[in-house]
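Q: I am attaching a structure below and will ask some questions about it afterwards.
The values are calculated or read from the model by the stated rules, or taken from the named source; none is laboratory data. Remember, it's a predicted structure, so these values are computed and weren't measured experimentally. Positions of Cβ are backbone-derived with ideal geometry, glycine not excepted, and every protein chain shown enters the neighbour counts.
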Amino acid sequence: MLRKALLTSVCAFALAGCGGGFSPGEDDLVVYSGREEELVGPLIERFEEETGIDVAVRYANSSELAATLAEEGGNSPADVFWAQDPGALGAVEAEGRFAELPQTVLDRVPERFRDPDGTWTGVSGRVRVIAYNTDDVAESEVPDRIDGVADERWRGKIGIAPPNASFQAFVSAMRLDRGDEATREWLDAVKANEPRFYENNIAILEALAEGEIEIGLVNHYYLALIKSEDPDAPVENHFLASGDDGALISVAGAGVIDGSDKQEQAERFVEFLLSETGQRFYAEETEEAEYPLVEGVEPRAGLPPLDSLEGPDVELDQLGEELETTLEMLAEAGYTT
Amino acid sequence: MSRRGSRRPPLALATAGIAVAALLFLPLVYLVIRAGTGDAWDVVFRERTLDLIWNTAILVAGVVAATLLVAVPLAWLVVRTDLPGRRFWAVAGALPLVIPSYVGALCLLGALGPRGLLADALGRELPELRGYWGALLALTLSTYPYVFLLASAALRELDPALEEASRSLGRSRATTFRRVTLPTLRPSLAAGSLLVSLYVLSDFGVVSLMNYDALTRAIFLQYRSLFDRTPAAALALVLVALTMLLLLAESRLHRKGRLHRTSPGVSRALRPQPLGRWRVPALAFCGLTVGGFLFLPAFVLVYWLVRGIERGVDVPVSEAANSVLASGLAAGLAVGGAVPLALLAVRYRSRWRLLERAAFAANALPGIVIALALVFFAARYVPFVYQTLTLLVLAYVIRFLPQALAAIETALRRISPSVEEAARSLGRSETAVLARVTLPLARAGIGAGAALVFLSAMKELPATLLLRPIGFETLSTAIWRETSVAAYSQAAPAALLLILLSAPFLLLLWRRDRAPSASPD
């Protein structure tokens, strides 16, 4: 029995060793993607077709991939990191794990959507909006300014996702724009209005579709996802007034890993994401309808053009540094613990 | 018993045990390296940490109590009474074990949430399910089968002579249950509760879906929002400390009740106790348990599937094959590693017991911590295994070996040392006795251990995402891929397939009941 058990273990190890066949080939470009396969998979296939470069993608949560890149030290198999938010990109930059991008690549994107040090660039944009249930609410009723959410009209009918990175980025932006005291007042006023808390944006959209709440603070592109699961879901987006703190525009972005032995292919990958093909993908194909960032590429029909939208006057790469204080404030105000 | 502690284990056994324990310690070494730098401990010495510990403790206590309340009566009814349809209830009662807890929680919310299917059917809004009670319910769903399986195994192997002796001395049925049956069950219940507690401590999916602030959620917050691994490591060490307390408590329970069968071989079949007028309430209890914890989630999954079929769904075949491959390898290896540790702990000096206890210490760590620990060591020191199937299987072994250990130990503990003493007195060597007598008697427990690891590995997500070879899709990563974009109808086939593929392995868990006794059941 003991011998059998030992034998089994040895065989198991030998078999496990054979599993190396699943590893990417030597020539594959390795991309760590915090973006969902459903959304970006087809675009990556397009890149492979156009360039003949094979890509192996590791899909996982952005922040966990950022932690992985940090723990790998200098031995990462990754060549490109494509993340959901500037926070994860900033964390990798802070660990010194990004190489600098060529200026020609950076120049394709407006300055407000990329790292000032040139280590990463935004590739698609998302706008904070107020989504609402169209059965219970007329669009004219939905607030144009984020302060309107504190109105008595919405008591018990507001959906917020305090653990969501985009919500936290919005609060950070508000703090940078109007100061800590005013932000705390807003948080208190909204809290007094008995909002309902959810884990993420999707959960808010679902609750809206079910009529559990009437308005929700979310990113604009989740609407398309919900509509693809249920085309008749009674939910729509309302864009906030220009410059309002609630109208923060954030990005998903990418950078090339420092020390990658495929710098050139990796740069081509980022360049491709910012090419006409890569950018039109967001406008025309993917389910979630993010904003293309390169000028001259129109967004999805029905979306207001990006240059007509303006968030609060803050730098994206500042938001990461503010996060710790923001989280403390959210905990103090009773949004998280 | 009397000989325990006076003998030295064979060298090979001791070496194997130490090697396995060293492997299981890797995550702890990583945490100490991480938390040793900077101002990690500021996060721990905050008032909020006390709240988190309190929240975690009451969740663990609540879930353990709930699982005992559900599982012990269910096991007793199924094993010891003339309940109609006992076999059906036995299988259906254990099946929720194969439902991943995040899927279970999603299904509970989908069915019982404020605007779930039930609310739709009733036409009115139901009270909020999220929070403590929602987390308690979902975690009870996923963990009560551990207690149920271990308790019914112990009940089945119970020597009827013990109870009969008690009855013949004039004790009532209730007193006999309390004074004789329950104490015999204690090691199994303690082992089951330990598995439940460790599960609750390490779970992230449920507390996150249910919005409940437990320690794991705080650890994830450190990784997810702050990108700071140092405080996360410190908080994880707090979790390890809590685990140590639990292990201490479980050891004490073990010391109190130690009952061996009088003979390892044949015992008479148990006579089922007539339920009489309690038959209907008993059936209602079983129906409620199985209905709530098995049929409800299954119904929601099928509902999603049907909704998805209208728009076309894929059957995730290669994902299923990958899941079975990785989990099967993990089960084999985990058992291979757990056997030496279990033998050392049960049959030799108490310092070996300490080694085995320590092997549990890392078990309450969330998968992400174990994953990052392996990323750290593998990428730096053994890059050729990094992101290969080998490393993924190793991660499963580290995460779930304690489950195999619990099952194998429980089996070993029921074998009377006098059987081994007899074999030794006949001139067999120490190793020969272990190989020819002890392990064959425990083979059912070994099978159960393998099955437990297999089932857990099938459901594992966080470590799978980071450590799998690129492109290696499993059923759980497929579920993650779809639910992260809210495509529940696309996630349903993978979830149902995961349940279907796992279910046959429950039979392995039942097999233990018939061995080593050769009852004519």
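Q: For region A:273-285, does any single residue satisfy the condition of being assigned to a loop (DSSP other than H, G, I, E, B), at pLDDT 90 or above, farther than 22 Å from residue A:66 by Cβ and not assigned by TED's automatic domain parsing to the domain that holds residue A:147? Walk me through how you get there before you give the answer.
A: Step one: of region A:273-285, the residues assigned to a loop (DSSP other than H, G, I, E, B) are A:274-275, A:285.
Now restrict to residues that are at pLDDT 90 or above: A:274-275.
Next, from what is left, pick out any that are farther than 22 Å from residue A:66 by Cβ: A:275.
When the remaining residues are screened for being not assigned by TED's automatic domain parsing to the domain that holds residue A:147, the result is A:275.
Checked region A:273-285: at least one residue is assigned to a loop (DSSP other than H, G, I, E, B), at pLDDT 90 or above, farther than 22 Å from residue A:66 by Cβ and not assigned by TED's automatic domain parsing to the domain that holds residue A:147.
Q: Can you work out which of the residues in region B:445-471 that are at negative phi, outside any helix (DSSP H, G or I) and out of contact with any Gly (no Cβ under 8 Å at 6 or more places or on another chain) is farthest from the other protein chains (Cβ to nearest Cβ)? Working first, answer last.
A: Kept after step one, since they are at negative phi, are these residues of region B:445-471: B:445-470.
Cutting the leftovers down to outside any helix (DSSP H, G or I) gives us B:460-461, B:468-470.
Narrowing further to those that are out of contact with any Gly (no Cβ under 8 Å at 6 or more places or on another chain): B:468, B:470.
Values: B:468: 8, B:470: 4 Å.
Per the stated criteria, the residue is B:468.
Q: Kindly establish whether residue B:416 is in contact (Cβ under 8 Å) with a residue 60 or more places away in the chain, touching a His at 6+ places or on another chain (Cβ under 9 Å) and surrounded by fewer than 22 Cβ atoms within 10 Å (Cβ to Cβ). Before you say what the answer is, go through the steps one by one.
A: Details: in contact (Cβ under 8 Å) with a residue 60 or more places away in the chain: yes; touching a His at 6+ places or on another chain (Cβ under 9 Å): yes; surrounded by fewer than 22 Cβ atoms within 10 Å (Cβ to Cβ): yes.
When the stated conditions are applied, residue B:416 passes them.
Q: Identify, from the list B:232, B:236, the residue that is touching a helix residue (DSSP H, G or I) at 6+ places or on another chain (Cβ under 8 Å) and either within 9 Å of chain A (Cβ to nearest Cβ) or more than 25 Å from residue B:404 (Cα to Cα) (or both). Give the steps one after another, and end with the answer.
A: Working: B:236 fails: either within 9 Å of chain A (Cβ to nearest Cβ) or more than 25 Å from residue B:404 (Cα to Cα) (or both).
Only one candidate passes the filter, namely B:232.
Q: Looking at (1) more than 11 Å from chain B (Cβ to nearest Cβ); (2) farther than 30 Å from residue A:218 by Cα; (3) modelled with pLDDT under 90; (4) part of a helix (DSSP H, G or I), find the lone condition where residue A:112 falls short.
A: It fails just one condition, (2).
Q: Check off (1) under 22 Å from residue B:81 (Cα atoms); (2) free of Cβ contacts under 8 Å to residues at least 60 places away in the same chain for residue B:306 and give me the number that stays unchecked.
A: The number of the failed condition is (1).
Q: Among B:406, B:432, B:422, which is within 30 Å of residue B:101 (Cβ to Cβ) and in a helix (DSSP H, G or I)? Working first, answer last.
A: Numbers: B:432 fails: within 30 Å of residue B:101 (Cβ to Cβ); B:422 fails: within 30 Å of residue B:101 (Cβ to Cβ).
Only one candidate passes the filter, namely B:406.
Q: Which residues, counting only those in region B:187-217, are facing another protein chain (nearest Cβ under 8 Å) and assigned to a helix (DSSP H, G or I)? Explain how you work it out, then say what you get.
A: Of the residues in region B:187-217, the ones facing another protein chain (nearest Cβ under 8 Å) are B:208-209, B:211, B:213.
Selection gives B:208, B:209.
Q: State yes or no: is residue B:245 at pLDDT 85 or above, surrounded by fewer than 24 Cβ atoms within 10 Å (Cβ to Cβ), aliphatic (A, V, I, L, M) and under 21 Å from the mean Cα position of the chain (by Cα)?
A: Values: at pLDDT 85 or above: yes; surrounded by fewer than 24 Cβ atoms within 10 Å (Cβ to Cβ): yes; aliphatic (A, V, I, L, M): yes; under 21 Å from the mean Cα position of the chain (by Cα): yes.
Considered against the rule, which asks whether it is at pLDDT 85 or above, surrounded by fewer than 24 Cβ atoms within 10 Å (Cβ to Cβ), aliphatic (A, V, I, L, M) and under 21 Å from the mean Cα position of the chain (by Cα), residue B:245 comes out as yes.
Q: Taking the conditions exactly as written (at positive phi, in contact with a helix residue (DSSP H, G or I) (Cβ under 9 Å, 6 or more places away or on another chain) and either free of Cβ contacts under 8 Å to residues at least 60 places away in the same chain or exposed (fewer than 14 other Cβ atoms within 10 Å of the Cβ) (or both)), does residue B:36 satisfy them or not? Give the derivation first.
A: Working: at positive phi: no; in contact with a helix residue (DSSP H, G or I) (Cβ under 9 Å, 6 or more places away or on another chain): yes; either free of Cβ contacts under 8 Å to residues at least 60 places away in the same chain or exposed (fewer than 14 other Cβ atoms within 10 Å of the Cβ) (or both): yes.
Here the answer is no, as residue B:36 does not meet what is asked.
Q: Another question, if that's okay. Just checking, does region B:359-367 include any residue being within 14 Å of chain A (Cβ to nearest Cβ) and either farther than 28 Å from residue B:414 by Cα or modelled with pLDDT of 90 or more (or both)?
A: Here is the first cut: in region B:359-367, the ones within 14 Å of chain A (Cβ to nearest Cβ) are B:366-367.
Cutting the leftovers down to either farther than 28 Å from residue B:414 by Cα or modelled with pLDDT of 90 or more (or both) gives us B:366-367.
Checked against the condition, which is being within 14 Å of chain A (Cβ to nearest Cβ) and either farther than 28 Å from residue B:414 by Cα or modelled with pLDDT of 90 or more (or both), region B:359-367 yields at least one hit.
Residue-by-condition table, conditions (1) within 12 Å of another protein chain (Cβ to nearest Cβ); (2) within 28 Å of residue A:76 (Cβ to Cβ); (3) under 22 Å from the mean Cα position of the chain (by Cα):
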{"site": "B:335", "(1), (2), (3)": "yes, no, yes"}
{"site": "B:338", "(1), (2), (3)": "yes, no, yes"}
{"site": "B:343", "(1), (2), (3)": "yes, no, yes"}
{"site": "B:379", "(1), (2), (3)": "yes, yes, no"}
{"site": "B:389", "(1), (2), (3)": "yes, yes, no"}
{"site": "B:425", "(1), (2), (3)": "no, no, no"}
{"site": "B:435", "(1), (2), (3)": "yes, no, no"}
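Q: List the number of the failed condition for residue A:24; all other conditions in (1) at pLDDT below 90; (2) farther than 23 Å from residue B:389 by Cβ; (3) facing chain B (nearest Cβ under 7 Å) hold.
A: Unmet condition: (2).
Q: Here's something else I'd like to know. Of the conditions (1) more than 11 Å from chain B (Cβ to nearest Cβ); (2) over 18 Å from residue A:252 (Cα atoms), residue A:120 clears all except one; give me its number.
A: Condition (2) is where residue A:120 drops out.
Q: How many residues does region A:194-211 hold that are assigned to a loop (DSSP other than H, G, I, E, B), under 17 Å from residue A:153 (Cβ atoms) and within 10 Å of chain B (Cβ to nearest Cβ)?
A: Within region A:194-211, the subset assigned to a loop (DSSP other than H, G, I, E, B) is A:194-195, A:198-200, A:211.
Adding the requirement that they be under 17 Å from residue A:153 (Cβ atoms) leaves A:194-195, A:211.
From what's left, within 10 Å of chain B (Cβ to nearest Cβ): A:211.
The qualifying residues number 1.
Q: Is it true that some residue in region A:174-193 is under 20 Å from the mean Cα position of the chain (by Cα) and within 14 Å of chain B (Cβ to nearest Cβ)? It would help to see each step written out before you state the result.
A: Our first condition is that a residue be under 20 Å from the mean Cα position of the chain (by Cα); within region A:174-193, this holds for A:174.
Subsequent filtering for residues that are within 14 Å of chain B (Cβ to nearest Cβ) retains none.
Within region A:174-193, none of the residues are under 20 Å from the mean Cα position of the chain (by Cα) and within 14 Å of chain B (Cβ to nearest Cβ).
Q: If you scan region A:288-297, which residues turn out to be in a loop (DSSP other than H, G, I, E, B) and either at pLDDT 90 or above or under 19 Å from residue A:238 (Cα atoms) (or both)? Please lay out each step first, then the result.
A: At the first step, the residues of region A:288-297 found to be in a loop (DSSP other than H, G, I, E, B) are A:288-290, A:293-297.
Those that are in a loop (DSSP other than H, G, I, E, B) and either at pLDDT 90 or above or under 19 Å from residue A:238 (Cα atoms) (or both): A:288, A:289, A:290, A:293, A:294.
Q: From (1) at pLDDT 85 or above; (2) within 14 Å of chain A (Cβ to nearest Cβ); (3) part of a loop (DSSP other than H, G, I, E, B), pick out the condition that doesn't hold for residue B:84.
A: Looking at each condition in turn, residue B:84 falls short on (2).
Q: Given (1) free of Cβ contacts under 8 Å to residues at least 40 places away in the same chain; (2) in contact with a strand residue (DSSP E or B) (Cβ under 8 Å, 6 or more places away or on another chain), where does residue A:157 come up short, assuming only one miss?
A: Unmet condition: (1).
Q: Here is a further query. Which one is nearest to the chain's Cα centre (by Cα), of the residues in region B:106-116 that are within 11 Å of another protein chain (Cβ to nearest Cβ) and in contact (Cβ under 8 Å) with a residue 40 or more places away in the chain?
A: Of region B:106-116, the ones within 11 Å of another protein chain (Cβ to nearest Cβ) are B:106, B:109-110, B:113-116.
Adding the requirement that they be in contact (Cβ under 8 Å) with a residue 40 or more places away in the chain leaves B:106, B:109-110.
Details: B:106: 20, B:109: 23, B:110: 25 Å.
The qualifying residue nearest to the chain's Cα centre (by Cα) is B:106.
Q: Do we find that residue B:397 is within 8 Å of chain A (Cβ to nearest Cβ), at pLDDT 90 or above, in a helix (DSSP H, G or I) and crowded, with 23+ Cβ neighbours inside 10 Å in this structure? Break it down into steps so the answer makes sense when it comes.
A: Values: within 8 Å of chain A (Cβ to nearest Cβ): no; at pLDDT 90 or above: yes; in a helix (DSSP H, G or I): yes; crowded, with 23+ Cβ neighbours inside 10 Å: yes.
No: the conditions fail for residue B:397.
Q: Additional query: Can you tell me which residues in region B:446-489 are of a type in the set (S, T, N, Q) and at pLDDT 90 or above? Talk me through it step by step, then tell me what you get.
A: Residues of region B:446-489 that are of a type in the set (S, T, N, Q), as a first pass: B:456, B:464, B:474, B:476-477, B:483-484, B:489.
Once the filter is applied, which keeps residues that are of a type in the set (S, T, N, Q) and at pLDDT 90 or above, region B:446-489 yields B:456, B:464, B:474, B:476, B:477.
Q: Moving on to the next point. Looking only at region B:268-303, how many residues end up being in a helix (DSSP H, G or I) and either out of contact with any Cys (no Cβ under 9 Å at 6 or more places or on another chain) or among the basic types (Lys, Arg) (or both)? Don't jump to the end; show me each part of the working.
A: Going residue by residue through region B:268-303, those that are in a helix (DSSP H, G or I) are B:276-303.
Cutting the leftovers down to either out of contact with any Cys (no Cβ under 9 Å at 6 or more places or on another chain) or among the basic types (Lys, Arg) (or both) gives us B:276-295, B:302-303.
So the answer is 22.
Q: Restricting region A:79-97 to residues that are surrounded by fewer than 23 Cβ atoms within 10 Å (Cβ to Cβ) and out of contact with any helix residue (DSSP H, G or I) (no Cβ under 6 Å at 6 or more places or on another chain), which is farthest from residue A:226 (Cα to Cα)?
A: A:96
Q: Please verify whether residue B:379 is free of Cβ contacts under 8 Å to residues at least 24 places away in the same chain and at negative phi, treating the condition exactly as stated.
A: Values: free of Cβ contacts under 8 Å to residues at least 24 places away in the same chain: yes; at negative phi: yes.
So residue B:379 fits the description; yes.
Q: On to the next question. Within region B:472-505, which residues are at the interface with chain A (Cβ under 9 Å from one of its Cβ atoms) and among the small types (Gly, Ala, Ser)?
A: If the condition is that a residue be at the interface with chain A (Cβ under 9 Å from one of its Cβ atoms) and among the small types (Gly, Ala, Ser), then B:484, B:486, B:487, B:489 are the ones that fit.
Q: Continuing with this model, one more query. Considering only region A:282-326, state which residues are more than 14 Å from chain B (Cβ to nearest Cβ), of a type in the set (Gly, Ala, Ser) and over 15 Å from residue A:223 (Cα atoms).
A: Of region A:282-326, the ones more than 14 Å from chain B (Cβ to nearest Cβ) are A:282-285, A:291-316, A:318.
Filter once more, keeping what is of a type in the set (Gly, Ala, Ser): A:283, A:296, A:301-302, A:308, A:311.
Once the filter is applied, which keeps residues that are more than 14 Å from chain B (Cβ to nearest Cβ), of a type in the set (Gly, Ala, Ser) and over 15 Å from residue A:223 (Cα atoms), region A:282-326 yields A:296, A:308, A:311.
Q: Can you confirm whether residue A:40 is closer than 28 Å to residue B:381 by Cβ and either assigned to a helix (DSSP H, G or I) or within 11 Å of another protein chain (Cβ to nearest Cβ) (or both)? Quick ask: steps written out before the conclusion?
A: On the way: closer than 28 Å to residue B:381 by Cβ: no; either assigned to a helix (DSSP H, G or I) or within 11 Å of another protein chain (Cβ to nearest Cβ) (or both): yes.
When the stated conditions are applied, residue A:40 does not pass them.
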